[in-house]
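*Asks:* This is the structure, below, for whatever I ask next.
Here, each number is a calculation from the coordinates, and none is a lab measurement. In this text the structure is predicted, and so the values were computed from the model without any measurement. Every residue, glycine among them, receives a Cβ derived from its backbone with ideal geometry; neighbour counts consider all protein chains shown.
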Amino acid sequence: MDLSKLLNFEYLFARFPEAGFSWPVRIGLLIIFVGAIIVALYTHKKLKQNLGVAGKAWKRLQVWSWSVGLVGIMLVYFREVRALYLSSRFWLILWLLVSVVWLIYIIAKWKKDVPNKETQEKHKQEYSKWLPKQNK
């Protein structure tokens, strides 16, 4: 693969790119985008539970998954049918970069905002030691 083509604007913004993707690239992109939709369905199932603090992080992941999956499949489709201007390589590369940066942001926010189970358990024990004991 010639990476110097990524610096050529005529290559990136071609109105009608010469062919669709090769089969390995096509399969790889579909695995990524369909996998994102599967993650969205899993997060939907997970959000039905009462998650407390982690619910907001799961919601962010669900929005990311639906967006990446649907827009990605749409961009691959545009490339396969050779849609005018929408099939240019630039849009897919830009979308992949934006989605990776967005996922890194979600993971960093998740690490910062959602406490781990040990910390939650410690706070719960600290809180419950001041509560009156129930006689059984």
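*Asks:* I need a count of the residues in segment 33-43 that are more than 19 Å from residue 56 (Cβ to Cβ) and either hydroxyl-bearing (Ser, Thr, Tyr) or crowded, with 16+ Cβ neighbours inside 10 Å (or both).
*Replies:* Of the residues in segment 33-43, 3 are more than 19 Å from residue 56 (Cβ to Cβ) and either hydroxyl-bearing (Ser, Thr, Tyr) or crowded, with 16+ Cβ neighbours inside 10 Å (or both).
*Asks:* Does residue 87 satisfy the criteria of being in contact with a Lys or Arg (Cβ under 7 Å, 6 or more places away or on another chain) and of a type outside the set (A, V, I, L, M)?
*Replies:* When the stated conditions are applied, residue 87 passes them.
Residue by residue, here is whether (1) within 26 Å of residue 5 (Cα to Cα); (2) touching a Cys at 6+ places or on another chain (Cβ under 8 Å); (3) of a type in the set (Phe, Trp, Tyr) holds:
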| position | (1), (2), (3) |
| --- | --- |
| 75 | yes, no, no |
| 85 | yes, no, yes |
| 94 | yes, no, no |
| 135 | no, no, no |
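*Asks:* Here are 13, 9, 21, 33: which of them is in contact with a Ser or Thr (Cβ under 8 Å, 6 or more places away or on another chain), among the hydrophobic types (A, V, I, L, M, F, W, C) and under 19 Å from residue 97 (Cβ atoms)?
*Replies:* One residue alone meets the criteria, 13.
*Asks:* Among the residues of segment 102-136, how many are surrounded by 10 or more Cβ atoms within 10 Å (Cβ to Cβ) and within 24 Å of residue 62 (Cβ to Cβ)?
*Replies:* Adding up the residues that qualify gives 14.
*Asks:* Which residues, counting only those in segment 45-67, are in contact (Cβ under 8 Å) with a residue 12 or more places away in the chain and closer than 26 Å to residue 30 by Cβ?
*Replies:* Residues satisfying the conditions are 46, 47, 58, 59, 60, 61, 62, 64, 65, 66, 67.
*Asks:* What residue, of 92, 61, is buried (at least 17 other Cβ atoms within 10 Å of the Cβ), more than 16 Å from residue 12 (Cα to Cα) and of a type in the set (A, V, I, L, M)?
*Replies:* Criteria check complete, one pass: 61.
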